[in-house]
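Step one of this worksheet: look at the structure below.
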Amino acid sequence: MKRKKKIILGIGIFFIGILFWQFGFFNRFNYLTAKIDGWRDSARIVSTEPPMHACGVPCIGLKEKYGFHEHYTSCVQTGSTMRGIKAYNAEIEKYLNSRNGNDWRAKYQVEINLLIENNWLE
């Protein structure tokens, strides 16, 4: 290959790498991993905030009923990681809407509130 073609190819690969990095493709949570987790039925909802209340076995069972787990990351994340997490959560939301119906969030919230009111969380 001629030197000019190598330079152009190298610059192209460099810019594609930057583009992938900006959209979070080099992080654990991104659009592609959301699709893979949807196919595997191992969806996670990623949150960067600490949990509101301790969630024990009944809460975990409720989440499994609706087909997801929660994953908490630290609140200090880079911009590309946050974009990847947002893309991941958007795809997982689409997956859960198709699995549970569009009103699954309201049903889930009613059931979690029932667990909290009856003090069934561990």
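The values are calculated or read from the model by the stated rules, or taken from the named source; none is laboratory data. Computed from a predicted model, the values in this text were never measured in an experiment. Neighbour counts run over all protein chains shown; Cβ positions are idealised from the backbone, glycine included. The protein model used for the area step is the full one, side chains on, heavy atoms only, and it has no ligands, DNA or RNA in it. Shrake-Rupley method; radii C 1.70, N 1.55, O 1.52, S 1.80 Å.
Applying the selection to region 67-90, what residues are among the aromatic types (Phe, Trp, Tyr) and in a helix (DSSP H, G or I)?
Tyr88
Which residue, of Glu93, Glu64, Glu49, is closer than 30 Å to Asn119 by Cα and outside any helix (DSSP H, G or I)?
Answer to the selection: Glu49.
Of all the residues that make up region 86-122, how many are aromatic (Phe, Trp, Tyr), open to solvent by 40 Å² or more (accessible area, probe 1.4 Å) and closer than 11 Å to Ala43 by Cβ?
Count: 1.
Filter region 64-86 down to the residues that are under 16 Å from Leu96 (Cα atoms) and either touching an Asp or Glu at 6+ places or on another chain (Cβ under 6 Å) or among the small types (Gly, Ala, Ser) (or both) and list them by number.
Gly67, the sole residue that qualifies.
Could you please tell me which pairs satisfy a Cβ distance under 6 Å, a separation of 6+ or placement on different chains, a first residue in region 16-39 that is on the phi < 0 side of the Ramachandran plot and surrounded by 19 or more Cβ atoms within 10 Å (Cβ to Cβ), and a second residue that is part of a loop (DSSP other than H, G, I, E, B) and aromatic (Phe, Trp, Tyr)?
none
Considering only region 40-85, state which residues are open to solvent by 30 Å² or more (accessible area, probe 1.4 Å), of a type in the set (Lys, Arg) and closer than 19 Å to Lys107 by Cβ.
Correct list: Lys65 only.
Cβ-Cβ distance below 7 Å, separation of 6 or more or different chains: which pairs start in region 59-82 with a residue that is basic (Lys, Arg) and end on one that is assigned to a strand (DSSP E or B)?
Qualifying pairs under 7 Å: Lys63/His69; Lys63/Glu70.
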